[in-house]
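Only one structure is covered here, and it is reproduced in the block below.
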């Protein structure tokens, strides 16, 4: 094949190599908790990009936020109005998890009322769909790595999931009755 069509050979070979690399990462990624910490003031700093003409927020760590999409905007509104939510933050882009593929920045950190829900601390990635079939392979790998990261550092206290809406989040956190 290399002699007949070198370009096709390189393309197919690269695809096979990348599939094997992805499989190895997915099945063998391990994170370890380290002693390094970060001050909240360095992670959660408000930027000049924050729009001051937005609606005043009550449960967010800042009075105003900038969202990346309409899905995030609706999600923030839902976090604001629901009594289960104690406080939340739209995580800044400089908060990221190192993965073998690329750095990954989750969207939200949410603290729920511990009397009302099963999962108190939650990190969410908002996507337009709940289907993994609609995600690119690199996104799937980053989400998997993030899930493994939060399992390793939190002893099961922090839950990480991809959600398409606040309603899907409620299904995951399991309201106590």
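The values are calculated or read from the model by the stated rules, or taken from the named source; none is laboratory data. Everything quoted here is computed from the prediction, not taken from an experiment. When we count neighbours, we look across all protein chains shown, and the Cβ atoms used for this are built from the backbone with ideal geometry, even at glycine.
Here are a few things to note about the model shown:
- Number of residues in the range 23-41 that are closer than 18 Å to residue 138 by Cβ and modelled with pLDDT of 75 or more: the value is 6.
- In the range 70-85, the residues that are touching a residue at least 24 places away in the same chain (Cβ under 8 Å) and more than 17 Å from the chain's Cα centre (by Cα): 78, 82, 83, 84, 85
- The set of residues in the range 6-33 being assigned to a helix (DSSP H, G or I) and in contact with a helix residue (DSSP H, G or I) (Cβ under 7 Å, 6 or more places away or on another chain) consists of 22, 25, 26.
- Every residue from the range 42-61 that is under 18 Å from residue 106 (Cα atoms) and either modelled with pLDDT of 60 or more or not assigned by TED's automatic domain parsing to the domain that holds residue 107 (or both): 60, 61
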